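This report concerns only the one structure given below.
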Amino acid sequence: MTHALEDQRAKEPVIEKLKALLLGKDESGLKADQGQDSLQVAAAALLVEAAMMDESFDDAERATIERLLTARFELSAGEVSDLVEEAKAQVTESSQLFGFTRIIADSFDNEQRVELVEMLWQVAYADGELHDFEASLMRRLAGLLHVSDYDSGQARQAALARLGQADQ
């Protein structure tokens, strides 16, 4: 590899950080939002991603997300609505889950991460069925959030019980 190419690759992370700073984004790629906590946006973005995985974001999924976010972060209806809209924008804008999961993995303890995985399972099942893309996403997210397969399975069972659905 030539020295010029090595120099260019070494500069890329610096350039990306500068672009993020200029565009008002933190290191994870999330926009530094006015009033929205980046942890809340990251959690909401993962829930929205789970809802959109089957290429539809229906009213049942949105209601589930809003209910879960209201309970988890003790937000008002207006705050939750704004949070979901910000999360939708972030998911549309971002092609990676890593930034969102990194914030959560760094901020939540194991119990809180398992709780979030349960919330994600509730969103995945909000329309009454689990699509293959949703199941795949859940496996990836559990790994990125450092939640064991066992804990993810337990969270799935708890989500199904909360939703009044039989194990599928």
Q: Please give, to one decimal in nm, the separation of the simple spin-label points placed at Ser81 and His131, each 7 Å out from Cα toward the Cβ.
A: 2.6
(Q) Quick check for you: with a 1.4 Å probe and neighbouring chains kept, what is the accessible area per residue of segment 55-95, in Å²? (A) 55
Q) Local charge sum around Leu130 (other residues, Cβ-Cβ under 10 Å, Lys/Arg +1, Asp/Glu -1)? A) -4
Q) Ignoring any ligand, DNA or RNA, what whole percent of the accessible area of segment 51-168 comes from carbon and sulfur when the probe is 1.4 angstrom? A) 47
Q | Residue-normalised accessible area of segment 96-168, given per residue in Å² at a 1.4 Å probe | A | 51
Q) Asp149 to Glu111: extension gain in nm, 0.36 nm per residue of separation minus the Cα-Cα distance? A) 12.3 nm
**Q.** Counted charge near Glu118, where neighbours are those whose Cβ lies closer than 11 Å (Asp, Glu -1; Lys, Arg +1)
**A.** +1
Q) What is the local net charge at Val80, summed over the other residues whose Cβ is closer than 11 Å to its Cβ (Lys, Arg +1; Asp, Glu -1)? A) -3
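The values are calculated or read from the model by the stated rules, or taken from the named source; none is laboratory data. Keep in mind that this is a model prediction, so the values were computed, not measured. FYI the Cβ positions are ideal-geometry reconstructions off the backbone, even for glycines, and counts take in every protein chain you see. Ligands, DNA and RNA are excluded from the accessible area calculation, which covers all protein heavy atoms including side chains. Shrake-Rupley method; radii C 1.70, N 1.55, O 1.52, S 1.80 Å.
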